[in-house]
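Let me begin by presenting the structure, written as structure tokens, before commenting on it.
The values are calculated or read from the model by the stated rules, or taken from the named source; none is laboratory data. This structure is a prediction, so every number in the text was calculated from the model and none was measured. Quick reminder, even Gly has a Cβ in these numbers, built from the backbone with ideal geometry, and neighbours come from all protein chains shown.
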Amino acid sequence: MKFGLLGFPVKHSISPWIHEQFMKKTGIAGTYELFETRPESLEERIKSWRKEEIDGFNVTIPFKQDIVPFLDKVEEEAKQIGAVNTVVNQNGEWKGYNTDGRGYYRSLVGSFPDLVPELSSVLLIGAGGAARGIYHVLVREGFQRVDITNRTLEKASRLVREEDENKKTTVLSLKQAEGNLSNYDVVIQTTSVGMEPSTEEIPISLDNLKRGTIVSDIVYKPLTTRFLTEGKKRGGVIHQGHAMLLYQAQYAFEIWTGKEAPLDSVLQQLEYRLRGN
Ligand code: NAP
């Protein structure tokens, strides 16, 4: 089978390694290649894949919305999120999915199986592409509150207008979120702040964090961000971003092949690789 990643830049992506592990574990023969594509060459790339009959591909920055006009169908959840990160070729028909939110949620409950959404309040930091998928799934899973803070408040407000039928969300400035931090059971960092090489940066101060709060970061380079280190110092229980990377890839692989790849040793191996070993 033939799989790949469409985006720009993607040269340093770890996705080929992840999908190679999944293929080995499920006994599927195939390849997963990186297709670094400049925006002006998107149409050309799609035309060539239509001819070569690629079985499925992932989509990353900057094409998660630009890919939609090239698809035959888009799954309901991806439509609601407004972005596609996984495409499957079903007998010549291309269908788009979004595995970010579901992958994140699988990773969260995988680490915290006792978490009860109806009794838990969440603060989501960020309102970018990844936050859209995560917000959608958290609201759907019935969390008590899912408040959002973002540098650009209008972006957070727009996301809530599109999604929050249950009125469970308040949009907060970064300063307000810092002040109200003790109200939350789960704090999820979805901005690119703290990512290599700017590893000393943190989007909000965690001074008011309540002990025992789950402090989650979707950034996985570095594996332990400053946000997580500060959270741990204040009694938080940390949740690293590489698990989301793996679970969203597992879900994509399931969409392409119908097989659930076991994650057992892959999570530890991925940690090892991300630590630079
Ligand atoms: P995106 O759509 O570009 O959104 C970026 C977000 O970061 C926005 O909320 C933006 O705020 C905020 N931001 C950027 N620079 C900031 C700064 N200096 N101060 C405060 N806020 C800032 O990106 P994305 O696709 O959502 O990805 C975000 C991060 O998640 C990236 O680091 C990516 O690698 C990671 N990610 C991880 C996984 C995983 O599987 N673990 C999956 C997807 C993404 P504004 O709205 O104000 O610009």
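Identify all residues within the range 58-95 that are within 16 Å of the ligand (Cβ to nearest atom), surrounded by 15 or more Cβ atoms within 10 Å (Cβ to Cβ) and of a type in the set (A, V, I, L, M, F, W, C); write none if there are none.
Answer for the range 58-95, where residues must be within 16 Å of the ligand (Cβ to nearest atom), surrounded by 15 or more Cβ atoms within 10 Å (Cβ to Cβ) and of a type in the set (A, V, I, L, M, F, W, C): Val59, Phe63, Ile67, Val68, Ala78, Ile81, Ala83, Val84.
Show the residue pairs meeting these rules: Cβ distance below 7 Å; 6+ apart or different chains; first residue within the range 97-109 and within 15 Å of Glu254 (Cα to Cα) and of a type in the set (S, T, N, Q); second residue within 12 Å of the ligand (Cβ to nearest atom) and not in a strand (DSSP E or B).
That search, which allows pairs on different chains as well, returns Asn98/Ile81; Asn98/Ala83; Asn98/Asn85; Asn98/Gly133; Thr99/Asn85; Thr99/Gln248; Thr99/Tyr251; Thr99/Ala252.
When you look at Leu159, is it in a helix (DSSP H, G or I), within 22 Å of the chain's Cα centre (by Cα) and at pLDDT 95 or above, yes or no?
no
Only residues that are of a type in the set (Asp, Glu), within 18 Å of the chain's Cα centre (by Cα) and either within 14 Å of the ligand (Cβ to nearest atom) or at pLDDT below 95 (or both): list them for the range 230-277, please. Let's see the steps before the verdict.
Here is the first cut: in the range 230-277, the ones of a type in the set (Asp, Glu) are 230, 254, 260, 264, 271.
Those left that are additionally within 18 Å of the chain's Cα centre (by Cα): 254, 271.
Once the filter is applied, which keeps residues that are of a type in the set (Asp, Glu), within 18 Å of the chain's Cα centre (by Cα) and either within 14 Å of the ligand (Cβ to nearest atom) or at pLDDT below 95 (or both), the range 230-277 yields only Glu271.
Of Arg140, Arg106, which residue is surrounded by 16 or more Cβ atoms within 10 Å (Cβ to Cβ) and within 13 Å of the ligand (Cβ to nearest atom)?
On inspection, the qualifying residue turns out to be Arg106.
Considering only the range 214-233, how many residues are closer than 14 Å to Val186 by Cα and without any contact (Cβ under 8 Å) to a residue 60 or more places away in the chain? Outline the logic, then answer.
Quick first cut of the range 214-233, residues closer than 14 Å to Val186 by Cα only: 214-218, 227-228, 231-232.
If we keep only those that are without any contact (Cβ under 8 Å) to a residue 60 or more places away in the chain as well, we get 215, 217, 227-228, 231-232.
So the count comes out to 6.
Give the residue, chosen from Thr213, Thr170, Thr190, that is in contact with a Leu (Cβ under 9 Å, 6 or more places away or on another chain) and more than 16 Å from the ligand (Cβ to nearest atom).
That would be Thr213, the only listed residue that is in contact with a Leu (Cβ under 9 Å, 6 or more places away or on another chain) and more than 16 Å from the ligand (Cβ to nearest atom).
Among the residues of the range 192-213, what is the count of those that are in contact (Cβ under 8 Å) with a residue 40 or more places away in the chain and in contact with a helix residue (DSSP H, G or I) (Cβ under 8 Å, 6 or more places away or on another chain)?
Of all residues in the range 192-213, those in contact (Cβ under 8 Å) with a residue 40 or more places away in the chain come to 192, 203-204.
Right, trim to in contact with a helix residue (DSSP H, G or I) (Cβ under 8 Å, 6 or more places away or on another chain) and you get 203-204.
Within the range 192-213, residues that are in contact (Cβ under 8 Å) with a residue 40 or more places away in the chain and in contact with a helix residue (DSSP H, G or I) (Cβ under 8 Å, 6 or more places away or on another chain) number 2.
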